[in-house]
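First comes the structure, then the notes that go with it.
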Amino acid sequence: MAFAPTHHKSNSPLLANLSLLFLLSFFPAVHPYSPQDASCQGLEDLEDHQARCSYLQTHDPCSPWGYINYLRVFYCILAEHPLVGYLLLFLWLLLLFYLLGNTASRYFCSSLENLSRVMRLPPTIAGVTLLPLGNGAADVFASLVSFAGSGVSEVGLSSVLGSAFFISTVVVGIISIGVGSRAVVIDRSSFIRDICFLVAALCSLLAFLIAGRTRAWCSMCFVSLYIVYILTVWIGLCCGEKPGELAMPLLDSIEVVQDPVEDNTKETSEHDRVDHDDKSSCFKLKRSVLCCIHGLIFLVQMPLCLPRRLTIPDVSEERWSKPFAVAAAVFAPLLLATLWNSRREEIGSDEWLTIYLCGGLVGMVLGIIAAETAERHSPPRKGLLLWLAGGFLMSVIWAYMIATELVALLVSIGYILGIRPLVLGLTVLAWGNSLGDLIANVAIAVNGGSDGVQIAISGCYAGPLFNILFGLGLSLVLASWASHPSPFVIPRDPSLFETIGFLVGGLLWALAMLPKRGMQLDRVFGTGLLVIYLCFLCLRLSESLGLLQLGSLLNL
C-alpha cells in the first residue's frame, strides 16, 4: 500500500519519540530499580502452608515489590481455604489484564491518536511510531516493570519475546487464512524491510543473551536500531512514494475497538428509536432486561473507571467533561505524590507530609487554571499539547501501576504453582498482552479491504520490532544505568534461546514463502505459521512435564 508523503513537519516522528522518552524518564523516579540478587527460592522447599507463612514473615526477599503481598495473602490469610485463594488470584489476574488493556486502549491510545492529529503525522510514519506504541503499550510497561523488580527481569524478556512470536505467527497466520480466498497481495519492499530489521534485532538480543551482561552504551546502541528503522521508513516515504494520496493521520483513520459499554448503549438507543412505536410486552421486557444489564455493568465498572477518570485528563471529543478535566488536574499531582511516597523506603513523616502538601498545592493551582480556561462543551483549543502531555503522562503512570501488580501476581502464582515465572511470561502474559493485537489486526484485515490487510500485516511485524528494540531496549538502558559501573546481568535461560530460535524460524518461513508465492497471502502460508507455533507449544509442554530438556541437550 502506498502512502503519500506530505509537507508536514519532518521532525514530527522524532518529536513524538523524544517526547515519549522524556515522559518515560519519570519512571525511575517513582519506581526505583532493585538489585537482582533477591530470591524467594527457599519457599519451594517447604511443605505445609504454616511453614511457608512463617518463612514469608521472616524473609525480606519474599516481601512484595508490587502493592499487594500475594504470597502472604495465599499462605497466611487464606491458608485454610486454598480453593478460595486460587479463585481470587485467577479473578484478580483477569481483572488486571482487563485494566491494563483498557487503560492502554482508552486513555493511552486516545492520547496517541490526538498527538497524531495535532502533529499531522503521515500515515506511514504514524504506522511505525505511534501505532506500534499504542498496540505494544502493555508489553513495554510489563517489560519496564519486570526489569525494575527483584530478580524477575526474565519475565520481561519472555513476555516481549512470547508476544512477538505469537503475533508474527498466530496473528499473521489467522489473517492469511482469513483472507486467503481474496488473493490479497502485500507490498514487497516494506515486508522485506520489516522482516530484516526484526531478524537483526533478534540477532542483537541473542548476542546479549550469549554474553550474559550488558552496559549502558550497548543498550543505547540496541535502542538506536529503532531510530535507524524509522529513518529507513522515512527515506523510503520521501523517495519512493507518489504524492496525492492519504494525508490524514493513520490513527485517526482506524476505528477498530470501541468501549463495549458505549457500543451497547449506542446500539440500544438506535434500536429504541427505530422501534419507538412498538408497544408489545415482549419489547418492553427486552428493554427492561437490557437496562438492568447495562445498569449492572455500570455499577461493576464504576469503581474500576472512576479513579482513572479522576486522575487522567481526557480531551477526546466523545468523552470530554469539564468537571472530570478539572478533577484530573487536581488529583493527578496527589496520585504522583502517593506513588512517590509508596516507593521510598525509610521516609520520615515530615518528608512524607511535605510531598503530599506540594502535590496538593500543585493540584490546586492546576485545578484553578483548568477551571478558568477549559470550555464546558468542547475540549480546549489553547494549550492542547499540555493537556495531551498530562493525559499521556498519567496514562503511563496508571499503566505502570497496573503492570507492576500484574507482573508481581504472575511471579507469585509461579511460586505457588511451582511454575517458573519465565514460562508464565512466555505464555500467559504474552497471550494476555497480545489479545488486543489479535482482535484489532484481524478486524482491520477482514473489514478494511486490501489496504486494511497491508496495515494489519505491517502492524504484526512493526509492533514486535518496536516492543523488542524500544521496550526491551529502554528496559536494558535503565537497568544497566542503575547498575553502573557494574554491568547489568542478563538471565541466561534455555527457554529464551528456544523462543528466539522458533521466532527466527517463523520469520524465515515468511521471508521464503511470501516472495515465492508472489507476496500473496494464502492458507498454505498461514497454516505453516500456525504449525510452527504449535511445535513451540509442544516443546514447552514437554519440558514442563520433564519429558524433554532441549537446553540440557544443547548445553545451554
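The values are calculated or read from the model by the stated rules, or taken from the named source; none is laboratory data. Just so it is clear, the model here is predicted, and its values are computed rather than measured. Here the Cβ is made from the backbone with ideal geometry for all residues, glycine too, and neighbour counts use every protein chain on show.
Out of ALA371, ALA399, which single residue is within 30 Å of VAL140 (Cβ to Cβ) and in contact (Cβ under 8 Å) with a residue 40 or more places away in the chain?
Details: ALA371 fails: within 30 Å of VAL140 (Cβ to Cβ).
Result of the check over ALA371, ALA399: ALA399.
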Original post:
Name the pairs whose Cβ atoms lie under 7 Å apart, with the first residue in the stretch 463-489 and small (Gly, Ala, Ser), the second buried (at least 24 other Cβ atoms within 10 Å of the Cβ) and outside any helix (DSSP H, G or I), and 6 or more positions between them or separate chains?
Top reply: GLY463/GLY136; GLY471/GLY136; ALA479/PHE488; SER480/PHE488
Subject >> Count - residues of the stretch 402-427 that are free of Cβ contacts under 8 Å to residues at least 60 places away in the same chain and among the aliphatic types (A, V, I, L, M) >> reply: 1
**OP:** Just one of (1) surrounded by fewer than 23 Cβ atoms within 10 Å (Cβ to Cβ); (2) touching a Phe, Trp or Tyr at 6+ places or on another chain (Cβ under 6 Å) trips up SER434, so point out which.
**Re:** (1)
Original post:
So which residues in the stretch 478-499 are farther than 27 Å from GLY526 by Cβ, in a helix (DSSP H, G or I) and out of contact with any strand residue (DSSP E or B) (no Cβ under 9 Å at 6 or more places or on another chain), if there are any at all?
Top reply: LEU478, PRO494
Subject >> Among the candidates ARG193, ARG213, residue that is of a type in the set (Lys, Arg), under 30 Å from LYS516 (Cα atoms) and touching a residue at least 12 places away in the same chain (Cβ under 8 Å) >> reply: ARG193
**OP:** Could you tell me whether the stretch 44-65 includes any residue that is surrounded by fewer than 16 Cβ atoms within 10 Å (Cβ to Cβ), among the aliphatic types (A, V, I, L, M) and at pLDDT below 75?
**Re:** yes
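Kindly establish whether ALA164 is at pLDDT 90 or above and touching a Pro at 6+ places or on another chain (Cβ under 6 Å).
Answer is yes for this residue.
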**OP:** Tell me which residues, restricted to the stretch 183-222, are touching a Gly at 6+ places or on another chain (Cβ under 7 Å) and crowded, with 18+ Cβ neighbours inside 10 Å.
**Re:** SER219, PHE222
**OP:** Answer yes if at least one residue in the stretch 359-375 is at pLDDT 80 or above and either under 15 Å from the mean Cα position of the chain (by Cα) or in a loop (DSSP other than H, G, I, E, B) (or both), and no otherwise.
**Re:** yes
Subject >> Meets criteria (hydrophobic (A, V, I, L, M, F, W, C), surrounded by fewer than 17 Cβ atoms within 10 Å (Cβ to Cβ) and more than 23 Å from PRO491 (Cβ to Cβ)) for VAL233 >> reply: no
**OP:** Please list, ordered by first then second residue, the pairs with beta carbon atoms under 8 Å, 6 or more apart or interchain, first in the stretch 158-169 and in contact (Cβ under 8 Å) with a residue 60 or more places away in the chain, second surrounded by fewer than 24 Cβ atoms within 10 Å (Cβ to Cβ) and among the β-branched types (Val, Ile, Thr).
**Re:** SER158/VAL423; LEU161/ILE500; GLY162/THR427; THR169/ILE532
Original post:
What is the residue count in the stretch 479-511 for residues that are of a type in the set (A, V, I, L, M) and either farther than 23 Å from LEU465 by Cβ or surrounded by fewer than 18 Cβ atoms within 10 Å (Cβ to Cβ) (or both)?
Top reply: 5
